[in-house]
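Please read the structure below before turning to the comments.
The values are calculated or read from the model by the stated rules, or taken from the named source; none is laboratory data. Given the structure is predicted, the values throughout are model-derived calculations rather than measurements. Glycine gets a Cβ as well: all are built from the backbone with ideal geometry, and neighbour counts include every protein chain shown. Heads up: the accessible areas ignore ligands, DNA and RNA and are worked out on the full protein's heavy atoms, side chains in. Shrake-Rupley method; radii C 1.70, N 1.55, O 1.52, S 1.80 Å.
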Amino acid sequence: MLFDNSLDGIEDSDSQVNQALGMVNLAAQDWFDPFAPGQARDPNRGFRQP
């Protein structure tokens, strides 16, 4: 079976399946929205030097 009708519309961010799977909306207008802003990297942490 190549098509599962129960998953039709899974790309819609309001879909229950989409939300349950934690899928990310890859629409162009959302490209620069952070995935988890509450878990952002501490800007004072610095970077490793080679």
Name the pairs whose Cβ atoms lie under 7 Å apart, with the first residue in segment 22-50 and within 28 Å of residue 11 (Cα to Cα) and free of Cβ contacts under 8 Å to residues at least 24 places away in the same chain, the second of a type outside the set (Val, Ile, Thr) and surrounded by 10 or more Cβ atoms within 10 Å (Cβ to Cβ), and 6 or more positions between them or separate chains?
25/13
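Do we have residue 38 as loosely packed, with under 10 Cβ neighbours inside 10 Å and in a loop (DSSP other than H, G, I, E, B) here?
It is false that residue 38 is loosely packed, with under 10 Cβ neighbours inside 10 Å and in a loop (DSSP other than H, G, I, E, B).
I need a count of the residues in segment 1-33 that are assigned to a loop (DSSP other than H, G, I, E, B) and open to solvent by less than 90 Å² (accessible area, probe 1.4 Å).
Looking only at that region, the number is 12.
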Of the conditions (1) more than 14 Å from the chain's Cα centre (by Cα); (2) modelled with pLDDT under 80, residue 44 satisfies every one except a single condition; which number is it?
(2)
